[in-house]
Every structure is written in C-alpha cells, then in structure tokens.
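Here is the structure we will look at, set down as structure tokens.
A short reminder: the numbers here are calculations on the coordinates, not readings from a lab. Not measured: the values here are computed from a predicted model. FYI the Cβ positions are ideal-geometry reconstructions off the backbone, even for glycines, and counts take in every protein chain you see.
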Amino acid sequence: MKNSRRVPAEARTSGAVVERVLLLWLVAVLAPSCGHAQSSEEELSDLKRLVAPLFEVPHQGISEMSGLTRSHNYPGVYWVHNDSGDDPRLFSISGEGELVWPPFVDRSSWDGLPIAVAANVDWEDITTDGEYLYIAETGNNGNARRDLGVYVVPEPNPRAIEITRSLRFLPVAYPEQTIYPGRQWHYDSEAMFTAGGELFLITKHRVESKISAFEKGANLYRLASRHTAIVNELEFIATDTELAIVTGADVAPGGQYLAVLSYDALWVYGAPADNRAWLANPVGHIKLDRDYTQQVEAITWSDDETILIGNEQGTVFKVERRSLPQP
C-alpha cells in the first residue's frame, strides 16, 4: 500500500478555488463556440414575443417532427413527416393544428398516410412545387451514406386517399466527396426548398468524426438533373460562413423570401434575380434559445409574411417576417 499524507485544509480550499476559477474561465472561453448560449431575461422576453407557440401537433404518431410544408393545392393543409427510423408516412394537419384525414376512415385507427415504394432511413425535409411533394432522404449524420436522394410523390388529396406511393427516387451525391465518410463532415443536408421549378439543398456541418460536434458554415447546392437510374451530382452554388446547424428551409409563396432555420437562429433572405445566390442577401435574423424553442427542425410559410417553425417535441411556432430584426 502506498504511503499517503494528509493535505492541510487551507491547501485543499485554495486548490478548490483555483479549480473553480479555471473552470469558469474555460466556460467563458469555450461556450461561444458551442452555439448554445442562454439568453438574458430581456432577450428571452423579446424572443417569446416574436416567436410565439401556435399549436401542438394533433397526433401522437408525429413523434419527431422533421419536415413541414404548406400544400399548394389544398388550402389550409400542411404536410408533416418524422425524422429517421419512422415508417415511410406523412401526416396532414390544418393551420389550427387539427388533423386532416379521410372522413371515411375511423379517426382512432388513422396512423398517417403510408408512402409505398419508399423507406425512411433519415428523412430530413419536405417541400412542394404544387404538383409533387419532394421528401429529402438526405440525413447523413456519419457522412458515410452512398444512398442519399429525394423521393418524388404526386401530392395526394389528404381527405380522399388512404395510401399513396413514391413515383420515383432521385439519387444524389456531393461532387466534393470521394471517400465515405469524407475528410470534412460537410455532407449532411437537413434543408431542402424549391424555387423557380428547381430543387436546392443546404448542408449541416460537423467536426470530422464527431457526430455531436458542429462547425459554423453551410453549403448551398442545386439539383441540376433528375435521373432515376444514375446518381445526380449536386451542383455547388455557394458557402455561407454565418449559418450553422441548418435544419430546414422554405421559400415564401410569392417567391420573394427564403427562410432558413437552425437550432439557434432563424434567417430570412431576399430572393436573387438569378435563382442561384439564395444566401447572399439576408434581410431578417433572430437568435433562438434552445431552452425555449427546443430542437427546431421544420419550417414553412403560411403566407408571404408568416413563418411556421416546428420542433421535434411537437410544438409549432409562428413568426411574422416583418417583426424580425435586420441582421
């Protein structure tokens, strides 16, 4: 047994103080890089005023909301899907948070609209061009997937259809990635939007080999082709160094604005004339507090001035575009 010697109480107290001071210093230095800082009471009060809870999702099957989009064909209807591992299915809800389903089906037995010829490995977003629903099978936490793509589903009538199917699957890949996982972990996309008849994706960046550690920055890509039998190489458009941990995106009904959601912020951008530089003109921005909004992953517009954002816990918030501070 090793010899031991008692440390005087004064020395122990002094050591504890030094350790505490060092810990506080480390927190002060490192906290800003983690992207999750608590808001002051005044900031939180302003946030609650600008980002107000609207409703809770109306079905227990919507257990991890990851995508939300407004129907262009059925007024007042929104399509919702869960994150990875759920059945391949969609739910339709109203703008008041009521479930929308075929009236000839017993409400108690309704468990969402199944999408045949599809699998939810990691669905991350949903968007529509008025004819089709596009579901982003692009979640790639480990940056090693080689089966990424987009499901194309003819938009069904939510009050008349019990099951539908994917019409086709568009395989996609990033032109910069040559090994799996990549040298940089920049190949996970959780945000997809349509504009001018084209599909765009925005990436979410991680520290290499660390699934739970994120980096600032996001890349904007365009789906330049729509092959089904061969992989569609995404076209790189631009990098935005201010965005971080992007989880969703959607263009306003009139096409004038793009809203981009992250865990810690909501950004709004003015539309570019060339339908390419969507991240070049920020016109609105607000920081979010995860203790209040929690893990927000879904976003859409209800009209040209109102943004809806949803968290995985099932709360949908309303944000008025005009109320957002200038960046």
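Descriptive notes on the structure:
- Leading residue at positive end of dipole, the range 44-323 (Cβ point charges), from I202, G85, I309: I202
- Listed peptides 86-93, 311-318, 288-295 appear in the order 86-93, 311-318, 288-295 once ranked by packing, highest mean of other Cβ atoms within 10 Å at the front.
- Within the listed set S94, S109, S71, the residue fluctuating most in the Gaussian network model of the chain (springs between alpha-carbon atoms under 10 angstrom) is S109.
- A helix-only calculation puts the chain at -4000 deg cm²/dmol for mean residue ellipticity at 222 nm, using -39500 (n - 2.57) for each DSSP H run of at least four residues, averaged over all residues.
- As a proxy for reagent exposure, R222, R159 were ordered by neighbouring Cβ count within 10 angstrom, fewest first; the result is R159, R222.
- Which of Y263, Y151 has the fewest Cβ neighbours within 10 Å, and the rest in rising order: Y263, Y151
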